[in-house]
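*Asks:* Here it is, the structure, as structure tokens.
The values are calculated or read from the model by the stated rules, or taken from the named source; none is laboratory data. None of these values were measured; they are calculated from a predicted model. Cβ sites come from the backbone with ideal geometry, for glycine too, and all protein chains shown count toward neighbours.
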Amino acid sequence: MQRQHVLITGASSGMGRVSALFLADKGFHIYAASRTPERLEGLHPHIVPLRLDITDPDSVAATIDAIPQIEILINNAGYGLVSSVEELEEAQMYAQFEVNLFGLLRVSRAVIPGMRAQKRGVIINISSFLGKIGLPLLTLYNASKYAVEGVTDSLRYELHDFNIRVHSILPGFFDTNFARDNLVVNEKSFYENSPYRKFAEELAPRIVHQINHGNDPLWVAETIYKIIEDPHSPARITAGEKARKFIPMRRELSDEDFERRVREYYNLG
Ligand SMILES: NC(=O)c1ccc[n+]([C@@H]2O[C@H](COP(=O)([O-])OP(=O)(O)OC[C@H]3O[C@@H](n4cnc5c(N)ncnc54)[C@H](OP(=O)(O)O)[C@@H]3O)[C@@H](O)[C@H]2O)c1
């Protein structure tokens, strides 16, 4: 069988890196895109590190133009902004969507013409179980992942006739570098006199702890592989314990009952 080509964004760390290695071992040819491709040098004979900044249209165009063929796109790059809405800086607000939503759209838009021409493709968006749940101080992050869910649902219609499948994975908390390197904190929400201090004091450390003690990112890599292999995969798939706990609850309960359960679980008052 011919080797299929996979482009993974944010591949230098965490789920992206683990998935690159897992899929390379399964026989795929991996284009591992990162702002720091040096971190991927020599990782595997079937992993080609590429420099890509998904927030820069020129970087996206140059990188995608240089790749002859892509059958599978894994939109994985993302970070989390921790701030109350009231205390947000204007630039922080836009930056969160620039990476998590517009970056994902930018790379997808660059890849879709090739997939359409070859009449096949799979796009997998790494969303989050927080793409279906609201939480204080994570409004912008969660909203960006809600938006990713909307993109997935709409693109499925647009690309269906071209034999391009679109899916999203909703991970729970996973032990990656996310809490260590990729949570951007607005200090104002952590000041002594912040009206939102109680969330900074109690919720934020608890979430950091849950991420750092989360599941093995291999779970996400295996989920990606299953989606690629099974053309009848569902539109969205959960991965990890927290997603398996909250997403079915979200489907079954009313908005108000679900909110009550989240309040109780995170002691939000
Ligand atoms: N860990 C969790 O608990 C969890 C839960 C649900 C969803 N997720 C999602 O899973 C995806 C992967 O995260 P991870 O947990 O594997 O974390 P990670 O180890 O911190 O990796 C995140 C990757 O995203 C890229 N990235 C971060 N900030 C970026 C920016 N400003 N511009 C462009 N790229 C940026 C980085 O890519 P380069 O440095 O290589 O360019 C990095 O490799 C993210 O979309 C995240 O939202 C994570």
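*Asks:* Would you tally the residues in region 68-85 being among the hydroxyl-bearing types (Ser, Thr, Tyr) and more than 16 Å from the ligand (Cβ to nearest atom)?
*Replies:* 1
*Asks:* Just for region 1-20: of the residues that are polar (S, T, N, Q) and at pLDDT 95 or above, which one is nearest to ARG180 (Cα to Cα)?
*Replies:* SER13
*Asks:* So, one more: Out of GLU71, GLU41, I need the residue that is farther than 29 Å from GLN96 by Cβ and touching a Pro at 6+ places or on another chain (Cβ under 7 Å). Which one?
*Replies:* Working: GLU71 fails: touching a Pro at 6+ places or on another chain (Cβ under 7 Å).
Only one candidate passes the filter, namely GLU41.
*Asks:* Just checking, which of LEU135, LEU140 is within 14 Å of the ligand (Cβ to nearest atom), part of a helix (DSSP H, G or I) and within 20 Å of ALA204 (Cα to Cα)?
*Replies:* Answer to the check: LEU140.
*Asks:* Could you figure out which of (1) within 16 Å of the ligand (Cβ to nearest atom); (2) of a type outside the set (S, T, N, Q); (3) in a loop (DSSP other than H, G, I, E, B) isn't true of LEU88?
*Replies:* Here LEU88 meets the rest and fails (1).
*Asks:* Touching a residue at least 40 places away in the same chain (Cβ under 8 Å) and within 11 Å of the ligand (Cβ to nearest atom) - does that describe any residue in region 151-165?
*Replies:* From region 151-165, those touching a residue at least 40 places away in the same chain (Cβ under 8 Å) are 151-153, 155-156, 159, 162-165; that's our starting set.
From what's left, within 11 Å of the ligand (Cβ to nearest atom): none.
Scanning region 151-165, I find no residue that is touching a residue at least 40 places away in the same chain (Cβ under 8 Å) and within 11 Å of the ligand (Cβ to nearest atom), so the answer is no.
*Asks:* Could you please give the count of residues in region 172-182 that are under 20 Å from GLY131 (Cα atoms) and either away from the ligand (no atom under 16 Å from the Cβ) or among the acidic types (Asp, Glu) (or both)?
*Replies:* Within region 172-182, the first condition is being under 20 Å from GLY131 (Cα atoms), and the residues that meet it are 172-179, 182.
Next, from what is left, pick out any that are either away from the ligand (no atom under 16 Å from the Cβ) or among the acidic types (Asp, Glu) (or both): 175.
Residues flagged as under 20 Å from GLY131 (Cα atoms) and either away from the ligand (no atom under 16 Å from the Cβ) or among the acidic types (Asp, Glu) (or both) within region 172-182 amount to 1.
*Asks:* So, in region 32-48, of the ones that are within 25 Å of ALA95 (Cα to Cα) and not small (Gly, Ala, Ser), which residue ends up farthest from the ligand (Cβ to nearest atom)?
*Replies:* Looking at residues that are within 25 Å of ALA95 (Cα to Cα) and not small (Gly, Ala, Ser), I get GLU38.
Residue-by-condition table, conditions (1) among the hydrophobic types (A, V, I, L, M, F, W, C); (2) away from the ligand (no atom under 16 Å from the Cβ); (3) within 30 Å of GLY27 (Cα to Cα):
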residue	(1), (2), (3)
VAL184	yes, no, no
GLU192	no, yes, no
ALA204	yes, no, no
ILE227	yes, no, yes
HIS232	no, yes, yes
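*Asks:* Here's another thing I want to ask about it. Within region 175-195, how many residues are within 23 Å of ALA95 (Cα to Cα) and touching a residue at least 40 places away in the same chain (Cβ under 8 Å)?
*Replies:* Within region 175-195, residues that are within 23 Å of ALA95 (Cα to Cα) and touching a residue at least 40 places away in the same chain (Cβ under 8 Å) number 12.
*Asks:* Ok, one more. Quickly run through region 191-237 and pick out the residues that are among the hydroxyl-bearing types (Ser, Thr, Tyr) and either at pLDDT below 95 or surrounded by 15 or more Cβ atoms within 10 Å (Cβ to Cβ) (or both). Show your work before the answer.
*Replies:* Taking region 191-237 and keeping what is among the hydroxyl-bearing types (Ser, Thr, Tyr), we get 191, 194, 196, 223, 225, 233.
Within region 191-237, SER194, TYR196, THR223, TYR225, SER233 qualify.
*Asks:* A further question follows. Looking at (1) near the ligand (Cβ under 10 Å from one of its atoms); (2) within 20 Å of ARG106 (Cβ to Cβ), find the lone condition where ARG17 falls short.
*Replies:* It fails just one condition, (2).
*Asks:* Since VAL107 meets every condition but one in (1) part of a helix (DSSP H, G or I); (2) without any contact (Cβ under 8 Å) to a residue 60 or more places away in the chain, which condition does it not meet?
*Replies:* (2)
*Asks:* Could you grab the pairs with beta carbons closer than 7 Å, sequence gap of 6+ or different chains, first residue in region 12-34 and under 18 Å from ASP216 (Cα atoms), second one part of a strand (DSSP E or B) and polar (S, T, N, Q)?
*Replies:* Here the result reads SER12/SER34, each pair linking region 12-34 to a residue that is part of a strand (DSSP E or B) and polar (S, T, N, Q).
*Asks:* Only one residue in SER84, SER128 is of a type in the set (Ser, Thr, Tyr) and under 13 Å from the mean Cα position of the chain (by Cα), so which one is that? Walk me through it before giving the result.
*Replies:* Working: SER84 fails: under 13 Å from the mean Cα position of the chain (by Cα).
Testing whether each residue is of a type in the set (Ser, Thr, Tyr) and under 13 Å from the mean Cα position of the chain (by Cα) leaves just SER128.
*Asks:* Among the residues of region 115-128, is there at least one that is in a helix (DSSP H, G or I) and either within 11 Å of the ligand (Cβ to nearest atom) or crowded, with 18+ Cβ neighbours inside 10 Å (or both)?
*Replies:* Within region 115-128, the first condition is being in a helix (DSSP H, G or I), and the residues that meet it are 115-118.
Next, only the ones that are either within 11 Å of the ligand (Cβ to nearest atom) or crowded, with 18+ Cβ neighbours inside 10 Å (or both) stay: 115.
Yes, because at least one residue in region 115-128 is in a helix (DSSP H, G or I) and either within 11 Å of the ligand (Cβ to nearest atom) or crowded, with 18+ Cβ neighbours inside 10 Å (or both).
*Asks:* Which one is nearest to the ligand (Cβ to nearest atom) among residues in region 1-14 that are crowded, with 21+ Cβ neighbours inside 10 Å and among the hydrophobic types (A, V, I, L, M, F, W, C)?
*Replies:* Within region 1-14, the match that is nearest to the ligand (Cβ to nearest atom) is ALA11.
*Asks:* Kindly indicate whether ILE169 is away from the ligand (no atom under 14 Å from the Cβ) and within 26 Å of HIS29 (Cα to Cα).
*Replies:* Details: away from the ligand (no atom under 14 Å from the Cβ): no; within 26 Å of HIS29 (Cα to Cα): yes.
It is false that ILE169 is away from the ligand (no atom under 14 Å from the Cβ) and within 26 Å of HIS29 (Cα to Cα).
*Asks:* If you check LEU23 against the conditions, is it at pLDDT 95 or above and crowded, with 21+ Cβ neighbours inside 10 Å?
*Replies:* Details: at pLDDT 95 or above: yes; crowded, with 21+ Cβ neighbours inside 10 Å: yes.
Yes, satisfied.
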